[in-house]
Structures are given as structure tokens and as C-alpha cells.
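What follows is a single structure, written as C-alpha cells, with notes after it.
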Amino acid sequence: MLDKEYDKVPIEDIEKKFNSNDKEPIKYGYGVRHTQALLYFMCLALGYISRGHLGVTIVGMTMVDHDAQKPIAVSESAHIFANSTIIDTVTTTEGSIVNKTTVNDLKENITLTDDKTDANHWNVYRTYDWPKSIQEMVLGSFFLGYSIMMFPVGIVCQRWGGKILLQIAMFVNGVVSFFTPWLVTWGGWKVLCILRTMQGLSQSGLYPGILTLLTNWVPVSERGSLCSYVYTASGFGTVIAFQAAGILAFSRFGWPSTFWATGVACFIGFILITIFGAATPNDHKSTSDAEKNYIMGATSNSVETKSKVPWKSVAKSIPVWATIIAHMGNAVCFVFFFMQVPTYVFAILKLNIRNSGLLSSLPYFASFFSSIAFGYLSDFLTNRKIMSIKNARRFFNSIACVVPSICLMLVAYTRDTFLAVICFVLFVMCHTAMHTGWMINYMDLSPNFSGALMACGNTVTNVVVLALPVIVSNIVTDVTNQYQWRITMFLMAGLTLTANIIFIIFMSAEVQPWNDSNGNTTDNKSEYEAIQPESEQNKESDNS
């Protein structure tokens with residue numbers, strides 16, 4: 001009897017389960033999560049294309065030659081980095097350059113008309129006599145909508161998830177871009193400002209939405225590499241926007257073709273994300289059980305969509321504020337570099353870079369590879385336990401802040417063109433380390449509310465960034481005075497370094513107590529530590 005009962009005990013299963021604890025977590029190869037990451041990459045790239053191409057396209061829209069003996073009315077300084085400044089709190093980019101030959105080609109292919117001529121009122125190929133002040137207003141209107149909607153979109157992200165935000169961004173940008181040439185003929189620059197504001201409103205949810213989706217889809221062990229891969233879309237989209245706009249706007253199809261091509265591309269993106277995208281692994285029919293266990297097990301099954309954000313707890317969280325400050329400091333340095341350094345290069349270094357498309361695109365090509373390299377290096381260091389999650393965030397955030405600050409200070413002293421170009425490339429390359437620094441730290445602190453935290457950080461940063469032109473204009477009263485530039489650049493570098501120090505001291509990689517609906521987490525451990533086998537944790541405690 002006893003022998004009979006004893007035989008029923010599943011000894012082999014118990015031993016198998018016990019011994020499995022001593023092994024590393026099972027790895028899962030290529031799966032649906034990689035397809036999802038590709039979709040997020042596509043949406044982010046299309047977002048940057050639709051927001052960035054106008055820096056080049058507007059040159060074609062406004063090239064009215066009133067006197068055949070005079071050059072086209074586009075100022076020399078406006079040609080620097082594509083006559084535009086594209087500002088973003090996460091990554092900031094500048095336009096590429098339209099060279100003189102393409103400008104002449106445009107004059108041959110587009111019939112220049114007065115926008116007050118009734119016969120050509122509905123001609124989409126017409127050009128507009130807009131002064132530089134109007135052009136800057138048009139270019140900046142996107143970020144008006146982008147800033148206004150940044151905080152509310154965090155609430156939307158928590159209530160309905162991240163997929164719907166990507167759908168809204170792709171659909172709105174598709175419709176607006178496609179119909180812009182006709183609408184502008186009707187309402188002029190005022191309508192274009194409204195349309196760009198609408199695009200800004202819709203795109204304010206791109207980063208919070210993508211961050212929420214990545215939190216649901218990416219296991220902790222792959223967080224650095226996959227997230228960095230997705231965020232390289234910003235640089236990729238920027239380069240495509242500038243080069244494609246230069247080709248289309250200055251071809252026989254004219255500048256409207258840039259808007260039409262962008263609109264069609266965004267429509268395709270909307271269809272793809274709607275059909276193949278999913279908010280969570282459970283919502284996707286093609287996700288295997290093995291991959292679901294790999295993804296959700298690696299995140300301790302703690303990621304869930306909630307409608308209410310614990311704002312009081314978030315406001316009192318010191319690690320959250322440390323991450324927001326790092327976010328702000330890194331973005332301010334980056335925005336300043338690309339807003340003002342092109343003017344510095346033109347006024348101080350006397351470098352005319354408008355005829356070199358390669359030079360303007362080189363930093364972004366380099367940043368694409370550096371971002372991926374930083375992501376894989378972060379995962380390698382943390383998965384091999386060479387570096388803890390917390391120290392990895394500190395290390396890569398320091399790279400993203402310290403190296404750009406040094407480059408900024410070197411640029412303030414140099415008059416050597418070669419050194420300036422090296423600083424440009426190093427600045428953008430090392431800045432991408434932020435993807436495994438403060439940006440990914442939002443996911444570490446609260447997987448459930450990472451999108452809302454990103455929206456909060458973007459809101460605070462946008463407010464500070466809007467004050468940059470005022471600060472610079474009060475210090476740099478003469479753009480040919482290198483000493484004034486030096487003061488400003490050291491000020492920006494100092495702010496960035498201070499923000500990084502605050503992040504290093506007060507940051508945390510532990511999941512915060514208010515992340516869980518019950519007010520507790522896995523003993524306040526980081527997600528990576530929470531999924532470690534108990535045997536390994538016991539070994540570590542014994543060694544300590």
C-alpha cells in the first residue's frame with residue numbers, strides 16, 4: 001500500500017522543476033515581438049518624415065523670383081540645415097541642404113505665380129511670397145500642437161493603450177499631408193499653420209504610445225537592444241525626409257508631390273499598424289504560448305493598462321523627478337546644439353555647408369549605428385551581470401550628457417572645420433545613449449504607467465525648451481562674437497551636466513510601489529531581479 005502510494009509521487013517532475021531553477025531563463029528567438037518593434041519603427045519614422053520634410057519643401061513653396069536679375073529670396077542663413085529648425089524633446093533634428101543646382105532646377109520646373117492671381121488661385125503648383133517671419137511661424141506651428149497635447153495624451157495612453165495613439169498619428173498625418181497642397185491654395189499660410197498644428201497634436205502621442213507598447217512587448221533582457229532599435233527611427237526618418245523632399249520638391253512633380261507621397265506613406269502605416277499591431281501579446285493571435293511566457297514572464301506579469309494614474313504618488317516620487325530632470329537636461333543641450341550651432345558655424349567658422357548633403361546627413365547615419373550598439377551593449381552588460389541595471393542606466397545616461405557637453409564646449413573654442421565636424425558627429429552619436437539611460441528608466445520605474453511618465457517628462461521639457469530662444473537672444477546679441485557664444489554654450493553644458501549628476505544620485509531602477517494596483521511590487525526589486533531564479537538570489541545573498 002505504501003509502496004503503491006509512493007510510486008504515484010512525480011519524483012522526476014519535481015527534480016526537473018527544482019533543477020530548472022539553477023539554469024538561466026529560457027531564451028526565445030525571433031518572434032512576433034520583433035514584428036511589433038518593426039511596426040513601431042515604421043510609425044516613428046513616418047512621424048519624423050511628415051514633421052521634417054517641410055523644412056526643405058517650404059523652400060520650394062516660397063521661391064518667388066520678383067526680379068530675374070536678383071537671387072531667389074531665400075536668405076543665406078536660412079539655407080543652413082535646410083532653412084528650418086525641427087525641435088523635439090526626445091530627439092531634435094535639422095533639415096538637410098538644398099544646393100544651388102536644385103534651386104535652379106526648381107525654377108525651370110515650376111511656374112512662378114503671384115498668389116493673388118485669380119486665374120491660378122486653385123493651382124497647387126503655385127508658389128507663395130511669404131517672408132522669413134511667416135516661414136518660421138509655419139515651421140514652429142507643429143510644435144505648438146505637439147506641446148499642448150503632450151500631457152493629456154498621457155491620460156489617453158493609460159485608458160486605451162498605446163496602439164490607438166499610433167493609429168491616430170498615422171491617420172491624421174496621412175489625411176492632412178495629402179490634402180495640404182489644395183487647402184493651402186484656399187487659405188494660404190494661416191491654413192498651413194492650422195494643418196501643422198493638427199499634425200503636432202496627433203504626433204504628441206507617438207513617444208508615449210510607443211513606450212507603452214514596448215513595455216508590454218519587450219522582455220527585460222532585451223529592453224536595451226529592441227528599444228534602441230525602435231528609437232533609431234527618428235534619425236532614419238529625418239534623413240529620409242530631407243533627401244526625399246529634396247528629390248521630390250525639386251523634380252518635375254513639384255513641391256506638392258512631397259505632401260502627397262508623405263500622405264500615402266502615412267495611410268499605409270495606418271493600415272499596417274491597424275491590421276498587424278496589437279497592444280499586448282495576449283491581443284495578438286499569432287503570438288505563441290512559448291513567446292507569451294517568455295515576454296510576460298520576463299516582466300513578471302506586472303504590465304497592465306489602467307485608466308487612473310496615481311498622480312499624487314508620481315509627484316512625490318524622487319526617482320521620477322530625477323528621470324524627468326535628466327530628460328530635460330539632455331534635451332535642452334541637444335535642442336540648443338541644433339538650433340544655434342548651425343548659425344555659429346556659419347557666422348564664426350565661415351563654413352557654408354549647404355552644398356554638402358553628406359555632411360548634413362552624416363551625424364544621423366552615424367547615430368543609427370551608435371544607438372543600436374549602445375542598446376546591445378546595455379543588454380550584454382546587464383544580462384551577463386557585469387553591471388547592474390541601475391549602474392547601466394547611470395553609465396549610458398552619463399555618456400549621453402557628458403560627451404555632448406564636452407563637444408559643445410570644444411565647438412565654442414574651435415575655428416577648425418574638421419574638428420567642428422567631428423564634434424557634430426560625436427555629439428549626435430553619443431546622444432543616442434539616452435535610449436538606454438533616462439528614456440528606458442521610465443519603463444524601469446513603472447511598467448504600467450511608463451507612457452504617462454514619458455508624457456509628463458515631455459511636457460516639462462517643452463516648457464523649458466520654449467525658453468531657449470529668449471535666453472540665447474539675450475546673451476548672443478552679436479552672432480559674430482565668439483565670446484558671447486562661449487558663455488551660452490558653457491551655460492547649456494553646465495545645465496546638462498548638473499541634470500546628469502542629479503540623475504546619478506537620485507535615480508532608481510526599482511519598480512515603484514504605486515505601479516501595482518495593490519500598492520506593492522515584487523519587494524521593490526527591479527524587474528530583472530524579480531525574475532531571477534530564487535537559487536541565484538540566495539547565492540548572491542550568501543556571497544554578500
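The values are calculated or read from the model by the stated rules, or taken from the named source; none is laboratory data. For clarity, every value in this text was computed on a predicted model and none was experimentally measured. All Cβ positions, glycine included, derive from the backbone under ideal geometry; neighbour counts span all protein chains shown.
At a glance:
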| read-out | value |
| --- | --- |
| Of all residues making up region 281-334, the number that are within 17 Å of Thr215 (Cβ to Cβ), at pLDDT below 85 and outside any helix (DSSP H, G or I) | 12 |
| Residue within region 221-230 that is basic (Lys, Arg) and surrounded by fewer than 23 Cβ atoms within 10 Å (Cβ to Cβ) present | no |
| Test: Arg393 is in contact (Cβ under 8 Å) with a residue 40 or more places away in the chain and not in a helix (DSSP H, G or I) | no |
| Those residues of region 225-261 which are over 16 Å from Leu166 (Cα atoms) and of a type in the set (Ser, Thr, Tyr), in sequence order | Ser225, Ser228, Tyr229, Thr232, Thr238, Ser251, Ser257, Thr258 |
| Residue identified as buried (at least 24 other Cβ atoms within 10 Å of the Cβ) and touching a Leu at 6+ places or on another chain (Cβ under 9 Å) among Ala331, Ala245, Ala265 | Ala245 |
| All positions within region 126-151 that are surrounded by fewer than 20 Cβ atoms within 10 Å (Cβ to Cβ), in contact (Cβ under 8 Å) with a residue 60 or more places away in the chain and part of a helix (DSSP H, G or I) | Phe151 |
| Ser360 vs. criteria modelled with pLDDT under 70, small (Gly, Ala, Ser) and not in a loop (DSSP other than H, G, I, E, B) | yes |
| Per-region count, region 391-426, residues among the basic types (Lys, Arg) and within 24 Å of Thr343 (Cβ to Cβ) | 1 |
| Any hit, region 500-507, residues being modelled with pLDDT of 75 or more, in contact with a Gly (Cβ under 8 Å, 6 or more places away or on another chain), within 22 Å of Ser221 (Cα to Cα) and in a helix (DSSP H, G or I) | no |
| Pick from region 370-387, criterion out of contact with any Leu (no Cβ under 9 Å at 6 or more places or on another chain) and of a type in the set (Gly, Ala, Ser), ranking: surrounded by the fewest Cβ atoms within 10 Å (Cβ to Cβ) | Ala373 |
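Yes or no, residue by residue, for (1) over 29 Å from His34 (Cα atoms); (2) in contact with a helix residue (DSSP H, G or I) (Cβ under 6 Å, 6 or more places away or on another chain):
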{"site": "Gly154", "(1), (2)": "no, yes"}
{"site": "Gln158", "(1), (2)": "no, yes"}
{"site": "Val184", "(1), (2)": "yes, yes"}
{"site": "Ser204", "(1), (2)": "no, yes"}
{"site": "Asn216", "(1), (2)": "no, no"}
{"site": "Ala244", "(1), (2)": "no, no"}
